[in-house]
Every structure is written in structure tokens, then in C-alpha cells.
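The values are calculated or read from the model by the stated rules, or taken from the named source; none is laboratory data. Just so it is clear, the model here is predicted, and its values are computed rather than measured. A quick note on method: Cβ atoms are made from the backbone with ideal geometry, for glycine too, and the neighbour counts reach across all protein chains shown.
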Amino acid sequence: MNFTIITIGKLKESYLRAGVAEYVKRLQPYSKVTIIELNEEHMPDHPSLAEKEQALEREGERLLKQVRTTTYLIVLDVQGMPIASEELAAQFDQLGLSGQSDITFIIGGAFGLSPAVRQAAKKRVSFSRLTFTHQMVRLILVEQIYRAIKIQRREPYHW
């Protein structure tokens, strides 16, 4: 499988960059992982609702321009369906069996996702009802991709 992660914003904390790099390295024997970082929209210190919506629309347009038409698009969304690691592994199995080996994940920015991005998704998932920064979600996502692949292969995750 080939995984693409399209995200708004760069990782600012060194521990998050190190964690993401570690899981991308662990995934190399199994799959290719590409991470595309797009700049956050500039906003005033106290944006109005209209300013937030406009920024989300602009971010959404830029996110969707990066999505290949042949990919299976999964959007990480606080309003999405909760998913367990085993369910993610099963989803990867089902996609692979149907000939779909290209999966793209979108992670929105600090203000979330535009309606257009949500509508473009084939699946919308939530990792938790808890709120995480979009930067932390990137680390959680690459770890969960790695875990799902280990589950698929029936290999131990913990050493």
C-alpha cells in the first residue's frame, strides 16, 4: 500500500517530528508514506466566524488540489466515525482485496475542515472524542497505520 498524508501546518515540536520520522521509518519495509505539508492560512488574532469559514474554504481548496483522483480518501474529522485499530487494519485489507492500494489521509488545520473536504471523503474517521492538536494527530495517524499493518500481517507490535 501507498499512503499519502496531506496536512495543514508544519510540525513545530521536535518530539513530534522525531515520533513521525520513527514511524515512517518503521513503515518503509511495508509501504511508501508521503507527507505533504501545506501552509496554514493567516488569520487575525481574534478571527470572526466568517473569517474562519473563509480560511477553511481556502485551506480546503488547497488540500483537495493535492488529492489524486485514483486514491481512496480518508479524512480525519472530529465529526467522523470512531474507529478501532483492528477496524483500520480490516479496512486496509478490504481496500487491498478490491485493488485499491493508494490511500490518502487529510488532516485539517487548527480550525478543522471545510465542508468540501468532508464531502470529498470516502470515509471520515475520528480517533477519539478527545481533542488533539492537528500536529499530534499526525503522530497518532502514522502510529496507527503502522499498527494496522502489523495487525494485518499478524506480527507482534510490541517487542
Worksheet, complete the sentence: In the stretch 27-54, residues that are more than 17 Å from the chain's Cα centre (by Cα) and under 22 Å from Gln100 (Cα atoms) total 3
Worksheet entry | Unique match (being in contact with a Lys or Arg (Cβ under 6 Å, 6 or more places away or on another chain) and either surrounded by fewer than 15 Cβ atoms within 10 Å (Cβ to Cβ) or modelled with pLDDT of 95 or more (or both)) among Glu37, Glu22, Glu53, Glu59 | Glu37
Discussion item. Residue under question is Gln100, and the condition is that it be surrounded by 15 or more Cβ atoms within 10 Å (Cβ to Cβ), touching a residue at least 24 places away in the same chain (Cβ under 8 Å) and in a loop (DSSP other than H, G, I, E, B); does it hold?
Written reply: yes
Discussion item. Suppose we keep only residues that are outside any loop (DSSP other than H, G, I, E, B), surrounded by 15 or more Cβ atoms within 10 Å (Cβ to Cβ) and of a type in the set (A, V, I, L, M, F, W, C) within the stretch 62-82. Which one would you say is modelled with the lowest pLDDT?
Written reply: Val78
Discussion item. Checking Gln94 against (1) touching a strand residue (DSSP E or B) at 6+ places or on another chain (Cβ under 9 Å); (2) free of Cβ contacts under 8 Å to residues at least 40 places away in the same chain; (3) among the polar types (S, T, N, Q); (4) within 24 Å of Arg153 (Cβ to Cβ): exactly one of these is not met. Which one?
Written reply: (1)
Fill in: Qualifying positions in the stretch 112-151 - polar (S, T, N, Q) and either closer than 20 Å to Leu56 by Cα or at pLDDT below 95 (or both)
Ser114, Gln119, Ser126, Ser128, Thr131, Thr133, Gln135
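Among Ala148, Ala116, which is the only one that is among the aliphatic types (A, V, I, L, M), surrounded by fewer than 16 Cβ atoms within 10 Å (Cβ to Cβ) and part of a helix (DSSP H, G or I)? Show your work before the answer.
Details: Ala148 fails: surrounded by fewer than 16 Cβ atoms within 10 Å (Cβ to Cβ).
Unique residue meeting the criteria: Ala116.
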Worksheet entry | Of all residues making up the stretch 61-95, the number that are within 14 Å of the chain's Cα centre (by Cα) and among the small types (Gly, Ala, Ser) | 1
Worksheet entry | Any pair with Cβ under 8 angstrom, 6 or more apart, that starts in the stretch 131-159 at a residue that is more than 21 Å from Lys32 (Cα to Cα) and ends at one that is at pLDDT below 95 and outside any loop (DSSP other than H, G, I, E, B) | Thr131/Val78; His134/Gly109
Item to complete: Could you tell me whether Ser85 is surrounded by 14 or more Cβ atoms within 10 Å (Cβ to Cβ), hydroxyl-bearing (Ser, Thr, Tyr), over 19 Å from Glu59 (Cα atoms) and touching a strand residue (DSSP E or B) at 6+ places or on another chain (Cβ under 6 Å)?
Response: no
